[in-house]
Amino acid sequence: CTSIKKPKRKPSNSIENDYTKEELEEIFKLPMFTNGEEPLRADFGAAWFWLPILAYYTGARPKELAQLYRKDLMQSEGIHFIAIRDIESDQTLKTPAAQRKIPIHDDLIKLGFIRYIESLSATSRAFPHLKPDSRGSYSYHLSRRFSERLKTLNESLQRKKPLYALRHAFKTSMRDAGVSEDVHDSITGHSGPSVGRQYGKTSIEATKKAIDLVPSIPNIETMLRYRKSQGLC
């Protein structure tokens, strides 16, 4: 007789890969966002502040953000955006659909992201302090240290693969705002299953409107006060 395989059960300690609003509030109250705290025995430069915030506001993969160059910040129709692409030898994309333009959320402009990028030399990487691991990932070391930092705050936060959990939080924000799947897939670099998705493109204006529906990160006012006091925005 033919044996029937039972479906694998999820481990009892499995958790959602997304952060709740309460968890996001815990994370963005950390001193690394509010008063310039830097990690011990590591120098990630501005990436320590920017990478988690960019993951939340863009939905981009951590590796995509960490490998950006100064010239990947661009402008079209008066809209600032980052170009996710692989034109440099140390840039890679997960899939062809990953090549895209992600508009800059208004909060990122207020926090000084464009000002920061424009302060770099024309040929500089966006986060020059980041060093690649053995597989060429510029986000690996920071992601690991960020995970360790969250563990000191709350162990359950650390188990969610922190930077990726912020990407999941972006997708949740898009769904909660009623943004159509094809639009937020075009922002996050996911390819849809339907044949129709292969035709046409989503305009930069449409993706900008969608991006600005992402709620402001908790504690943003405290961040703004600190950054203004330091002349960072």
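Summary of computed values
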quantity: Fraction of accessible area attributable to carbon and sulfur, the chain (%, probe 1.4 Å); calculated: 50
quantity: Dipole moment magnitude, nearest 20 debye, segment 92-176 about Cα centre, only Lys, Arg, Asp, Glu C-beta charged; calculated: 320
quantity: Added length on full extension, which subtracts the Cα-Cα distance from 0.36 nm per residue, Tyr164 to Thr34; calculated: 44.6 nm
quantity: Förster-model FRET efficiency, 41 Å R0, Thr92 and Tyr226, C-beta, rounded to 0.05; calculated: 0.75
quantity: Dipole in debye (nearest 20) - the chain, about Cα centre, beta carbon charges: Lys, Arg +1; Asp, Glu -1; calculated: 820
quantity: Of Lys161, Lys63, Lys101, the one that fluctuates the most in a GNM where the chain has Cα springs shorter than 10 Å; calculated: Lys161
quantity: For segment 115-165: span of alpha carbons on each principal axis (Å, largest first); calculated: 41, 29, 16
quantity: Distance violations [Cα-Cα > 18 Å] among Lys110/Lys208; Lys171/Lys228; Lys21/Lys209; Lys94/Lys209; Lys29/Lys151; calculated: Lys171/Lys228; Lys21/Lys209; Lys94/Lys209
quantity: Cβ-based charge dipole, the chain, positive-most Cα from Gly112, Ser89, Ala169; calculated: Ser89
quantity: Percentage relative contact order, segment 65-159, counting C-alpha pairs under 8 Å, at least six apart; calculated: 29
quantity: Heavy atoms of Ser229: accessible area, 1.4 Å probe, square angstrom to 10; calculated: 80
quantity: Kirkwood Rh and Cα Rg combined as Rg over Rh, evaluated for segment 70-154; calculated: 1.00
quantity: Tail fraction, Cα-Cα pairs, segment 77-207, threshold 21 Å, whole percent; calculated: 55
quantity: Given (i) 0.99; (ii) 1.03; (iii) 0.95, the label whose value is Rg/Rh (Cα atoms, Kirkwood Rh) derived from this model; calculated: (i)
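The values are calculated or read from the model by the stated rules, or taken from the named source; none is laboratory data. Keep in mind it's a predicted model, so treat the numbers as computed, not measured. No Cβ is skipped: glycine too gets one built from the backbone with ideal geometry, and neighbour counts run over all protein chains shown. Ligands, DNA and RNA are excluded from the accessible area calculation, which covers all protein heavy atoms including side chains. Shrake-Rupley method; radii C 1.70, N 1.55, O 1.52, S 1.80 Å.
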